[in-house]
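Undergrad: Mind looking over this structure? Questions follow.
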Amino acid sequence: MPVILTQIIDSISRTKEDIVQEFGKGSHEDLKKAISELAKLKYEIQTNKPLTKLVSKDSDIKIYNEFLEKQASQEGEATHFNTIFLLSECYMYRRIKESFVLTDTLKEFDYFRSFKKELFVSCQKALKIWCDYNVELFHKSFEENWAGYEDKLHGLIKVDLWGNKNDLSLTLGRVGDMSHSHDADALEHFILVDDSKKFLKDLVEISVLHGHEYIDIVLDNAGYELLTDLCLMTAFTIFFRKQGDPCQSRFKVRFHVKSIPWYLSDVMEYDFNWMLEQIASNEDANISSVGKKWQDFIRDGTWEVMPHPFWTYPCEYNMMPDYAPDLFELLSKSAMVIFKGDLNYRKIFGEKNWDPTTSPKIALQGLELRLLAIRTIKADIVCGLQPGIAERCEKEDAKWMENGDYGVIQYVLAKQH
């Protein structure tokens with residue numbers, strides 16, 4: 001966490017002239033104030049100081065402060081090394097945001113934007129590969145039977161899994177090599193649970209037979225991972241739009257994004273739209289045509305980008321009915337909710353040391369949604385493994401729960417049709 005704060009301070013210091021040009025002369029002094037606050041936060045973490053209450057007027061501040069009070073009443077005063085990691089980590093990112101909210105000129109400044117743009121720039125080779133693939137999906141007639149198309153979707157889900165490995169909060173801001181991320185067959189050994197075939201079977205039944213019109217996907221990282229998310233959602237959109245059932249012409253995808261800068265590379269609405277604009281304006285004809293098609297999906301309502309403050313609360317998702325009833329009602333009516341990435345996984349199943357063989361339904365702790373979790377493992381929480389799998393991984397790699405080299409595709413039908 002202190003290393004991440006150092007990365008942010010360094011990035012701001014390097015680009016301060018550009019920031020001042022965008023936000024005005026007054027932002028020069030505000031940058032100094034924000035950097036001072038970040039340095040203070042870094043010191044507090046390194047010296048295990050208490051998590052102090054947040055002071056800005058934003059709507060989520062009350063929720064954060066209530067969590068701090070609750071934690072103090074249950075386990076004593078929360079400090080950075082002596083509280084639930086989910087709370088400590090979310091608190092750090094929320095404090096970073098507050099450092100800018102308390103300024104006059106930088107309230108809307110996205111201090112992670114340069115990191116996220118670099119992620120996109122780094123995936124140009126993959127962009128060409130996947131846009132060429134999407135052009136085939138767009139232009140060929142739908143002649144394959146379900147079994148043939150199911151194989152395509154199954155492969156894209158695996159690609160989407162390994163796209164999640166590209167996470168700047170894991171690499172401490174360093175953009176990694178993604179050259180092997182789309183070689184799903186070579187990585188088969190590292191997928192510890194693969195429920196994608198059962199998920200696809202039920203998705204068709206729920207969507208086509210029971211009339212649920214939406215797939216919801218809760219996004220994680222910008223750059224290459226967002227590209228793989230878009231490819232997967234394109235394949236779903238084309239399949240359901242070509243079924244011949246008039247009700248399926250209403251089929252839509254809702255992309256759920258963060259409302260504030262989060263975990264270095266998490267997608268916000270601006271990042272989503274910026275990436276589509278970059279792709280649509282590319283000189284390569286295939287790349288450009290795919291970007292424009294994706295923009296058409298946004299314009300005609302087939303796709304929708306939905307920010308919500310709940311995604312950056314410090315709570316687990318079984319608390320959604322209490323803290324975000326509007327969002328829970330929306331997701332409850334979805335054909336399926338796809339949760340991407342490690343933080344979503346931790347919030348779905350809770351910051352608990354589950355036995356790795358624990359049933360995912362039990363680990364959900366009452367969260368009633370139809371969901372698919374697509375996640376490379378970067379934290380010490382996992383459930384739903386077959387007996388012996390965790391022990392095998394421990395022998396292969398002592399850090400198998402930290403480095404993102406292993407992944408799971410876990411389907412849980414915790415809500416009936």
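The values are calculated or read from the model by the stated rules, or taken from the named source; none is laboratory data. All figures in this text were calculated on a predicted structure; none of them were measured in a lab. Reconstructed Cβ throughout: ideal geometry from the backbone, glycine too, with neighbour counts over all protein chains shown. Heads up: the accessible areas ignore ligands, DNA and RNA and are worked out on the full protein's heavy atoms, side chains in. Shrake-Rupley method; radii C 1.70, N 1.55, O 1.52, S 1.80 Å.
Undergrad: For Leu119, state whether it is part of a helix (DSSP H, G or I) and either more than 30 Å from Lys293 (Cα to Cα) or open to solvent by less than 10 Å² (accessible area, probe 1.4 Å) (or both).
TA: Numbers: part of a helix (DSSP H, G or I): yes; either more than 30 Å from Lys293 (Cα to Cα) or open to solvent by less than 10 Å² (accessible area, probe 1.4 Å) (or both): yes.
Against the criterion (part of a helix (DSSP H, G or I) and either more than 30 Å from Lys293 (Cα to Cα) or open to solvent by less than 10 Å² (accessible area, probe 1.4 Å) (or both)), Leu119 qualifies.
Undergrad: Please count how many residues of region 360-382 are open to solvent by 40 Å² or more (accessible area, probe 1.4 Å), closer than 15 Å to Arg346 by Cβ and touching a residue at least 40 places away in the same chain (Cβ under 8 Å). Break it down stepwise before answering.
TA: Restricting attention to region 360-382, the residues satisfying the condition of being open to solvent by 40 Å² or more (accessible area, probe 1.4 Å) are 361-362, 365-366, 368, 380.
Of the ones still in play, those that are also closer than 15 Å to Arg346 by Cβ are 365, 380.
Within this subset, residues satisfying the condition of being touching a residue at least 40 places away in the same chain (Cβ under 8 Å) are 365.
Within region 360-382, residues that are open to solvent by 40 Å² or more (accessible area, probe 1.4 Å), closer than 15 Å to Arg346 by Cβ and touching a residue at least 40 places away in the same chain (Cβ under 8 Å) number 1.
Undergrad: Now for a different question. Which ones in region 369-385 are closer than 17 Å to Asn318 by Cα and assigned to a strand (DSSP E or B)?
TA: Within region 369-385, Arg370, Leu371, Leu372, Ala373 qualify.
Undergrad: Then there's this: For region 350-359, give me each residue that is touching a Gly at 6+ places or on another chain (Cβ under 9 Å) and either open to solvent by less than 30 Å² (accessible area, probe 1.4 Å) or within 16 Å of Met319 (Cα to Cα) (or both).
TA: Thr358
Undergrad: Any idea how many residues of region 122-134 are touching a helix residue (DSSP H, G or I) at 6+ places or on another chain (Cβ under 9 Å), surrounded by fewer than 16 Cβ atoms within 10 Å (Cβ to Cβ) and among the hydrophobic types (A, V, I, L, M, F, W, C)?
TA: 0
Undergrad: Give the number of residues within region 14-58 that are in contact with a Pro (Cβ under 6 Å, 6 or more places away or on another chain) and more than 14 Å from Tyr91 (Cα to Cα).
TA: 1
Undergrad: From the list Gly404, Gly388, pick out the single residue that is at positive phi and either surrounded by fewer than 21 Cβ atoms within 10 Å (Cβ to Cβ) or free of Cβ contacts under 8 Å to residues at least 60 places away in the same chain (or both).
TA: Gly388
Undergrad: I'd like the full set of residues that are modelled with pLDDT under 95, under 23 Å from the mean Cα position of the chain (by Cα) and within 17 Å of Tyr214 (Cβ to Cβ), limited to region 239-286.
TA: Selection gives Phe251, Lys252.
Undergrad: Please verify whether Lys107 is open to solvent by 30 Å² or more (accessible area, probe 1.4 Å) and farther than 24 Å from Phe272 by Cβ, treating the condition exactly as stated. Lay out the reasoning, then the answer.
TA: Working: open to solvent by 30 Å² or more (accessible area, probe 1.4 Å): yes; farther than 24 Å from Phe272 by Cβ: no.
So Lys107 fails the test.
Undergrad: Still on this structure, please answer the following. Identify the residue in region 35-90 that is without any contact (Cβ under 8 Å) to a residue 12 or more places away in the chain and among the small types (Gly, Ala, Ser) and, among all such residues, is surrounded by the most Cβ atoms within 10 Å (Cβ to Cβ).
TA: Ala72
Undergrad: Could you list, in sequence order, the residues of region 66-115 that are among the charged types (D, E, K, R) and not in a helix (DSSP H, G or I)?
TA: Glu77, Asp104, Lys107, Glu108, Asp110
Undergrad: Taking the condition of being more than 22 Å from Arg375 (Cβ to Cβ) and open to solvent by 10 Å² or more (accessible area, probe 1.4 Å), how many residues in region 297-329 meet it?
TA: 13
Undergrad: One residue is enough: does region 267-275 have a residue meeting the conditions buried (at least 16 other Cβ atoms within 10 Å of the Cβ) and under 21 Å from Ile348 (Cα atoms)?
TA: yes
Undergrad: Same structure, new question: From the set of residues in region 148-179 that are more than 12 Å from Asp342 (Cα to Cα) and outside any helix (DSSP H, G or I), which is modelled with the lowest pLDDT?
TA: Here the residue is Gly173.
Undergrad: Does any residue of region 307-324 turn out to be assigned to a helix (DSSP H, G or I), in contact (Cβ under 8 Å) with a residue 24 or more places away in the chain, within 25 Å of Val204 (Cβ to Cβ) and under 20 Å from the mean Cα position of the chain (by Cα)?
TA: no
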